1. Pick out the one residue from 40, 10, 24, 44 that is under 12 Å from residue 71 (Cα atoms) and surrounded by 12 or more Cβ atoms within 10 Å (Cβ to Cβ).
2. Assuming residue 76 fulfils every condition listed in (1) within 17 Å of residue 5 (Cβ to Cβ); (2) in contact with a Leu (Cβ under 7 Å, 6 or more places away or on another chain); (3) assigned to a strand (DSSP E or B); (4) open to solvent by less than 10 Å² (accessible area, probe 1.4 Å) apart from one, which condition is it?
3. Six or more apart or on different chains, Cβ under 8 Å: which pairs go from a residue in region 67-92 that's free of Cβ contacts under 8 Å to residues at least 40 places away in the same chain to one that's part of a loop (DSSP other than H, G, I, E, B) and of a type in the set (Lys, Arg)? Could you list them?
4. Determine which single condition residue 63 fails, assuming it passes every other condition in (1) at pLDDT 95 or above; (2) open to solvent by 40 Å² or more (accessible area, probe 1.4 Å); (3) over 17 Å from residue 41 (Cα atoms).
5. Of all residues in region 66-109 being of a type in the set (A, V, I, L, M, F, W, C) and over 13 Å from the mean Cα position of the chain (by Cα), which is nearest to residue 32 (Cα to Cα)?
Amino acid sequence: MTIPVDQLADPAVRAFVAAVNAGDRAAFAAALTPGATMSDDGSDRDLEKWAEKEIFSSGGHMDVESEQADGRALVVRYRNDTWGEMRTAWRFVVGEDGKVSRFETGQAA
């Protein structure tokens, strides 16, 4: 069973997931602070290049299984046309402006 995007607890994370699932580059950028950073499987990546490859050009989609830490830690069934579906963990840092300033993703345990 998944959690509907509109029921995710944290508004910044909700905007992020909605933008990913809609394939909406503008909404994705709007969900992030200027200079936002990210890591994938423990390695920092160039956020713009990573998002283009892993989300936008490959049809990325997040089905949220669970959330913790007031909605800033998710377990997600993530899928895209490159890798198929995998169970992933996502952690978000939200800035004072209410936007995501950093996210970390990787294989869920």
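The values are calculated or read from the model by the stated rules, or taken from the named source; none is laboratory data. Source: prediction; values computed, not measured. Cβ atoms come from the backbone with ideal geometry, glycine included; neighbour counts cover every protein chain shown. Ligands, DNA and RNA are excluded from the accessible area calculation, which covers all protein heavy atoms including side chains. Shrake-Rupley method; radii C 1.70, N 1.55, O 1.52, S 1.80 Å.
1. One residue alone meets the criteria, 10.
2. So the condition that residue 76 fails would be (2).
3. Correct list of pairs: 91/72.
4. (2) is the only condition that residue 63 fails.
5. Filtering region 66-109 for residues that are of a type in the set (A, V, I, L, M, F, W, C) and over 13 Å from the mean Cα position of the chain (by Cα), the one nearest to residue 32 (Cα to Cα) comes out as 69.
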